[in-house]
C-alpha cells in the first residue's frame, strides 16, 4: 500500500516536462533544523572533523540551508537510504520510505527512468552542481532551497522531518545521518492518511 502511495505521490514528476520558476504565492518551506551526525569511524577514515552544516537565514526566513563536508579520500561508491515523516499532533509518522540506492549511479539511472529524471531535475534545481558523477572529494552545497512549485503540489501544509542514512559500499560501514526538520506553508490543507 505504501508503494502505491509513494508512486501516486511522485506521479506529477513523471508528467512534468520541465521545471518552472516558483511563484511566491505558492508557499514556502522553512527549515527548523539541519543537522549532520557523522560516526567516529567516518571522522577517522573518510572525512575531516571540521565539517559544517547549518541553516542560513535569507530575508529573515530559514528558507535555505548550506552544507560543507570535506573528505580525506575520494568516494567512488556510497549508498543512501532514509525516510520522510509528517507530524501528526506531537508525533512524526513515516509517509515516504527511501529505499537504499547508490548515489554514484543516480545520474546514469536518471537517463533511463522518467521518475528519476524528474528527481534529478529537482535536485539540480535545489542545489546546482551538487549531484555529479563519482568520485566525490567534497560534499558542498550553498543556499539549497526546495522548489516550491513541486513541493506544494505534492505535500500538504505541515511539519516534516527527513532522515538520510549514509553507508560506504552495499554492506559497507555506517557513516552518518543527516536530519532535516522544516515547515511547509502551502495552499494544500489536507493531511496524509
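At what distance in nm do the modelled label points of residue 111 and residue 133 sit from each other, each positioned 7 Å from its Cα along Cα→Cβ?
Reported label-point gap for residue 111 and residue 133 is 0.8 nm.
For labels at residue 83 and residue 102 in the simple 7 Å Cα→Cβ model, what's the distance in nm?
Inter-label distance under the simple model: 2.7 nm.
Each value in this text was obtained by applying a stated rule to the coordinates, not by laboratory testing. This structure is a prediction, so every number in the text was calculated from the model and none was measured. In this analysis, Cβ positions are derived from the backbone assuming ideal geometry, glycine residues included, and neighbour counts consider all displayed protein chains.
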